[in-house]
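Working notes, beginning with the structure itself.
The values are calculated or read from the model by the stated rules, or taken from the named source; none is laboratory data. Note that the coordinates shown come from a computational prediction; the quantities given were computed from them, not determined experimentally. With ideal geometry, Cβ positions are generated from the backbone for all residues, glycine too; neighbour counts draw on all protein chains shown. The area values use the complete protein model at the heavy-atom level, side chains included, leaving out ligands, DNA and RNA. Shrake-Rupley method; radii C 1.70, N 1.55, O 1.52, S 1.80 Å.
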Amino acid sequence: VICNYNYKRFIEDAVESVLNQNRAPLEVIVVDDGSTDGSPEYVATRFGDRVKLLTGENRGQLNAFARGINIARGDFVAFLDSDDNWKPDHLQTVADIVEARPYVDFLMVGCELFGNSEGRMDFGECERYYGLTATAVLEKSWIGANTSCLAVRTDILRQIVSAVPENLYPDWKVRADDVIIFGGSIFGARKYRAPHVTVR
């Protein structure tokens, strides 16, 4: 699920990075959150039926992700912000981890920064299985990663987004990552962080 808002200048690279994965995605869902820069028209023309394009009024990233989650067909949803991209082995890495550890519900990988920033945001050389993380909410522990670095079981994501009251969407419109991360803990997601850096 790729969320886009007025990032026409980046969206092609993001979508191409998904379509060019070593392991093909089941589907690519682009949710355009009311862009006024011609993004949806560009995506429709450039990619045609290779992506599912959802459009609508601007309601924020959380609402956009919820729309994508609710139509996703796979067992897992991997997220991508439209100004980020995946390295070619991202989905294969995610699949290998999930197949080797079928108990994992919530997977995090690291990323390297590019463009105006440099460096890495990763977990070092060590993997870590957190197991059930509901107590993390009580401790206010943020066990997560950037949205583009997450892959989460679809059924858990649907529980999370259906639990957010409609009146809170305006306040949380740019808090999609926090809602997914804390919501994952609340709904009993078994979290795992990988040492791999497969996102840019």
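Side notes on the structure shown:
- Applying the criterion of being more than 15 Å from the chain's Cα centre (by Cα), among the aliphatic types (A, V, I, L, M) and closer than 16 Å to Arg153 by Cα to the residues of region 164-193, the residue that is surrounded by the most Cβ atoms within 10 Å (Cβ to Cβ) is Ala189.
- Matching residues in region 154-200 - criterion: being over 26 Å from Met121 (Cβ atoms) and either touching a Cys at 6+ places or on another chain (Cβ under 8 Å) or not in a loop (DSSP other than H, G, I, E, B) (or both): Asp155, Arg158, Gln159, Ser162, Ala163, Glu166, Asn167, Leu168
- Total residues in region 94-115 satisfying the condition of being in contact with a helix residue (DSSP H, G or I) (Cβ under 7 Å, 6 or more places away or on another chain) and either among the hydroxyl-bearing types (Ser, Thr, Tyr) or under 16 Å from Leu132 (Cβ atoms) (or both): the figure is 5.
- Criterion violated by Thr133 - all others in (1) farther than 23 Å from Asp32 by Cα; (2) β-branched (Val, Ile, Thr); (3) open to solvent by 80 Å² or more (accessible area, probe 1.4 Å) satisfied: (3)
Table: residues versus (1) aromatic (Phe, Trp, Tyr); (2) more than 17 Å from Ser148 (Cβ to Cβ).
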| site | (1), (2) |
| --- | --- |
| Ile2 | no, no |
| Tyr5 | yes, no |
| Glu12 | no, no |
| Asn22 | no, yes |
| Ile29 | no, no |
| Ser35 | no, yes |
| Gly38 | no, yes |
| Val43 | no, yes |
| Arg46 | no, yes |
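- Meets criteria (open to solvent by 10 Å² or more (accessible area, probe 1.4 Å) and more than 15 Å from Val199 (Cβ to Cβ)) for Ala100: yes
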